[in-house]
Amino acid sequence: MSSKKFKAKDEGSAKPAVVGYYRSISEQLASEFENEEQKEIFLSNVFEQLANDINDVIFHKSTSFIVQRLLELANKEQLSSVMKIILKDFDKLIVHEVASFSVQTALYRCSHFISSDEDNVFVKHIYQAGMALLERGELVVHDKCCFIVRALLEVMAGCKLSVNSHRDGANNQLKEHEFHSEFSDILLALSSILLPTSNSLIGVVTVPHTAGTAQFVLRMLHKRFPSVCKDKCKEILRNGMLSHMNNQGLPQVLTDKTGSYFCEVFVEVLSKVPMGKLIKEVIIPHFDSLVELSHSNHVVQAAILNVKSTAQLRKVFNVLKGRFFHFLNGRQSFLIVKLLEAAVRFPTEQEEVLDSLKEEVGEDGNLIISLAVESVEYNMADDGLPQRITHMSYGSSMIAQKLLDFPDTKFICSAVANLSKEQFVSFAFSKFGSRIFDAFMSSTNVDNNSKKACASRLNPESCILLATHPIGSRVFDTLWAHLTVPEKCSVAEAMSTSFRKIFASKSGRVIAYNIQLTSFMHTRKEWDAWLIEQNKLRKKRALGEEIIGDEVKHAATSEGTPAPKKKKKKKKT
């Protein structure tokens, strides 16, 4: 149906008086009600009228938005009455470019009323909608009803969402909520249509209006039906995934923008054996070509991050070995980031990965300096003369941050300690280099002495520079929290002598507020009391984090080990 016919129907399906009535309802909803009871009475009267008008107003552009708003406020009885009307012409409504939005809102609203009760009416409504969709199988991949299919799948999978929910919300809720078992057959049937194991898979995962739904189906199968997901992934990999090649002789689905998103999800859910096959037969043979293309590069990153065994990690490491320095610039730097993230899960491989990285990148003895690949002219000095400031790319910064996840952080601590004053300020002024200090001070693998030494970089000489710089002020906040009381006093004293310069800067004013500089200058006793209280709160917070960290480590390393028995104190005689 052409867009002109849709438009003609939309504008002529509701009479002007009806449109005016629902617009007045919209205005009433925007105003405040005296109490909840008055609001409920108002909605009850509106839904009684809506039951008579819904077949007209649901097709009208203006009134359709009002219907959606009403459905979000509907109670069980009101929503059920609307769903009964929608289900009578479900297959027609879901392909209409205006009415389909109201149907989508109704489905999402139903998700909040589905329960495990045997006579739950909303389970029946959703089941009936799923069966109506299966009867018209061609609608599952129809471009006009793709959002309806996605909404129906999310509701049947156990997600409780609204129209305004972010798409990641459904993926997260798969881990939080259970789904109703009555929907199993429909979910599996829809999955077979959206994830065919034949060559037609390419036509689903590379088309924007079905690709997102196919990705959700894959995650849903992985969570709800693991054995089905495992078998389907094997079949997809064997028959459909790699059968279509582009002009460069690479699998089309890996190099396609939309298809690559599906492939990233695909490698997340792959089991050990298929992942090994993918790495051996696709990733490694075409590695050089894949990492040069933007979309397939992300697939390679996902494959590296989701390796399932030490052998798979070693295969990837052998391909990357010798290229670390070459990959520091551009999108390839994230191949190293993902390798480091994966290596954290395999302790036996960590030492060799770190040694290779230090050997290839840290030639001058300081890995952080070696990672800095950019430098610009920046006016840092008081005399106005430009100085060369070393900056760091986003990828290089992420590499340094991921190295802090390894148990052995001595070389990173040494690199931070050996930074000169100019180098420290340069990194503090760098958009991405400054994040290293945030990660360093928050890392549980860095010892307290190293953190104190780093925090002492915030001193009377550097505090003004950092406080008045938009990026350096973030580093100021990070380091300030780890200073001792005498060190904070000396920094505040230095800033009070240059308060005009501090308050002339927007960043400086924020820092002055954070450290209560005005109080320090005028009511020192109050500032001392505030500082003592802040230190107490910080110590309590640090103690709590340390206890939680110890419990997590203990649970990971000695799960099932009985707690040590407390020794009984001997009574004094």
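The values are calculated or read from the model by the stated rules, or taken from the named source; none is laboratory data. Since we're looking at a predicted model, the values are computed, not measured. Note that each Cβ is placed from the backbone with ideal geometry, even for glycine, and that neighbours are counted across all protein chains shown. Note: areas computed on protein heavy atoms with side chains; ligands, DNA, RNA excluded. Shrake-Rupley method; radii C 1.70, N 1.55, O 1.52, S 1.80 Å.
Looking across C146, C110, one residue alone is in contact with a His (Cβ under 8 Å, 6 or more places away or on another chain) and at pLDDT 90 or above. It is C110.
Based on what the data block shows, is L250 open to solvent by 10 Å² or more (accessible area, probe 1.4 Å) and at pLDDT below 90? It is false that L250 is open to solvent by 10 Å² or more (accessible area, probe 1.4 Å) and at pLDDT below 90.
Taking segment 212-236 as the region of interest, how many residues are touching a residue at least 24 places away in the same chain (Cβ under 8 Å) and surrounded by fewer than 20 Cβ atoms within 10 Å (Cβ to Cβ)?
Step one: filter segment 212-236 for residues touching a residue at least 24 places away in the same chain (Cβ under 8 Å), giving 212-225, 228-230, 232-236.
Restricting the remaining residues to those that are surrounded by fewer than 20 Cβ atoms within 10 Å (Cβ to Cβ) gives 212, 219, 223, 225, 228, 230, 234-235.
Count: 8.
Filter segment 474-522 down to residues that are open to solvent by 40 Å² or more (accessible area, probe 1.4 Å), of a type in the set (V, I, T) and assigned to a helix (DSSP H, G or I) and give me whichever is modelled with the highest pLDDT. Among those that are open to solvent by 40 Å² or more (accessible area, probe 1.4 Å), of a type in the set (V, I, T) and assigned to a helix (DSSP H, G or I), it is V510. For segment 546-555, the condition of being part of a helix (DSSP H, G or I), modelled with pLDDT of 90 or more and under 23 Å from F437 (Cβ atoms) holds for none of the residues. Beta carbons closer than 7 Å, at least 6 apart along the sequence or on distinct chains, never pair a first residue in segment 285-299 that is under 16 Å from F324 (Cα atoms) and of a type in the set (V, I, T) with a second that is open to solvent by 50 Å² or more (accessible area, probe 1.4 Å) and assigned to a helix (DSSP H, G or I).
Based on this model, can you work out whether Q312 counts as assigned to a helix (DSSP H, G or I), polar (S, T, N, Q), modelled with pLDDT of 90 or more and in contact with a Lys or Arg (Cβ under 7 Å, 6 or more places away or on another chain)? Spelling it out, it is not the case that Q312 is assigned to a helix (DSSP H, G or I), polar (S, T, N, Q), modelled with pLDDT of 90 or more and in contact with a Lys or Arg (Cβ under 7 Å, 6 or more places away or on another chain). If you go through segment 362-376 one residue at a time, do you hit one that is open to solvent by 10 Å² or more (accessible area, probe 1.4 Å) and modelled with pLDDT of 90 or more? No, the conditions are met nowhere in segment 362-376.
Here P208 fulfils each of the conditions (1) open to solvent by less than 60 Å² (accessible area, probe 1.4 Å); (2) within 25 Å of L133 (Cβ to Cβ); (3) touching a residue at least 12 places away in the same chain (Cβ under 8 Å) apart from (1). The set of residues in segment 287-315 being under 19 Å from L250 (Cβ atoms), open to solvent by 10 Å² or more (accessible area, probe 1.4 Å) and aliphatic (A, V, I, L, M) consists of L293, A302.
H326 - would you say it is at pLDDT 90 or above and open to solvent by 50 Å² or more (accessible area, probe 1.4 Å)? It is false that H326 is at pLDDT 90 or above and open to solvent by 50 Å² or more (accessible area, probe 1.4 Å).
The residues of segment 59-76 that are under 14 Å from Q49 (Cα atoms) and not polar (S, T, N, Q), listed by number, are I66, V67, L70, L71, A74. Within segment 452-473, the set of residues being open to solvent by 60 Å² or more (accessible area, probe 1.4 Å) and touching a His at 6+ places or on another chain (Cβ under 7 Å) comprises K452 only.
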